[in-house]
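For reference, the structure discussed in these notes is given below.
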Amino acid sequence: MHVLILGGTTEARRLAELLAAGQPAGLRVTTSLAGRVSAPGTPPGQVRVGGFGGAEGLTGWLREHAVDLLVDATHPFAGTITRNAAHAAATTRVPLLALRRPGWRRVEGDDWHEAGSLAEAAALLPALGRRVFLTTGRTGLAAFAALTDPWFLVRSVDAPEAPCPPRTEVLLDRGPFTLDGERELLRRHRIDVLVTKDSGGAATAPKLTAAREAGLPVLVVRRPPLPEGVPVVAGPGQAAQWVRQAQAQARARAGRRPQDRA
């Protein structure tokens, strides 16, 4: 059985590790990485790097490489590949599962303002603050490029892509981040508003606690919805169980006698 994991996340790597544990017979795992981040962690099993060429390219890849199961374990905001995966799975009739870490939850003391997109966040931002800690990733800065008044501290793993806001300082760093570190960063740069995507997970959550403690508003960009009908699990263990169950069912079908299959 050939499993393709659309990866690039901690959850995708952990799923590949779980599936590789014990070297189970009859299971081949390939993890696909987009190649947008330098020096990504390499998961066990086979690895491919680069895009597929859209939905049709992914459809062709599933057929050419005889993929039996597809797990979309990409970032919660990787909307294009998620849509392409749903299209390719439906076309090839390959079972698809989405693996998504839970989103962050508002708690008492949070001053959250929600936006449906980066463009909407950029429109709301000037009313919330002038010194902005922007943690929405390196590829979405164009939405804020027209804002000439606020000052931005942009944190990302790799250098951001142009265009950027004119008053921008870039901080290249990779999580996980500590609460003490986030407190100091907000204080040192005199941040008065935080902008983030609802990526979920513990690695970057301390910034939310630090903002809450400082009484800062947080502008949260909501996740795009998953394609209709795609089953979703919250953890790698559940995804691994889904794969194991599918493998067991395939073995049971293969083991039936001819008269049972008639």
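Among the residues of segment 29-50, those that are modelled with pLDDT of 90 or more and crowded, with 16+ Cβ neighbours inside 10 Å comprise Val29, Thr30, Thr31, Ser32, Leu33, Val47. Number of residues in segment 106-150 that are β-branched (Val, Ile, Thr) and touching a Ser or Thr at 6+ places or on another chain (Cβ under 8 Å) equals 2. Here Arg130 meets each of (1) in the same structural domain as Leu18 (by TED's automatic domain parsing); (2) in contact with a strand residue (DSSP E or B) (Cβ under 9 Å, 6 or more places away or on another chain); (3) of a type outside the set (S, T, N, Q); (4) farther than 14 Å from Val221 by Cα with one exception, condition (1).
Do we find that Ala146 is more than 19 Å from Ala203 (Cβ to Cβ), modelled with pLDDT of 95 or more, in a loop (DSSP other than H, G, I, E, B) and in the same structural domain as Ala210 (by TED's automatic domain parsing) in this structure? Against the criterion (more than 19 Å from Ala203 (Cβ to Cβ), modelled with pLDDT of 95 or more, in a loop (DSSP other than H, G, I, E, B) and in the same structural domain as Ala210 (by TED's automatic domain parsing)), Ala146 qualifies. Pairing each residue of segment 207-219 that is assigned by TED's automatic domain parsing to the domain that holds Val132 with any residue that is of a type outside the set (A, V, I, L, M, F, W, C) and in a loop (DSSP other than H, G, I, E, B), provided the two are 6+ apart or on different chains, yields C-beta distances under 6 Å for Arg212/Gly109; Arg212/Asp110. Take Asp158 and tell me if it is buried (at least 17 other Cβ atoms within 10 Å of the Cβ) and either over 17 Å from Trp104 (Cβ atoms) or among the β-branched types (Val, Ile, Thr) (or both). When the stated conditions are applied, Asp158 does not pass them.
Restricting attention to segment 53-73 and to residues that are part of a loop (DSSP other than H, G, I, E, B) and modelled with pLDDT of 95 or more, the residue that is surrounded by the most Cβ atoms within 10 Å (Cβ to Cβ) turns out to be Ala73.
The values are calculated or read from the model by the stated rules, or taken from the named source; none is laboratory data. Just so it is clear, the structure is predicted and the values come from calculations on it, not from any experiment. Positions of Cβ are generated from backbone atoms using ideal geometry, with glycine treated the same way; all protein chains shown enter the neighbour counts.
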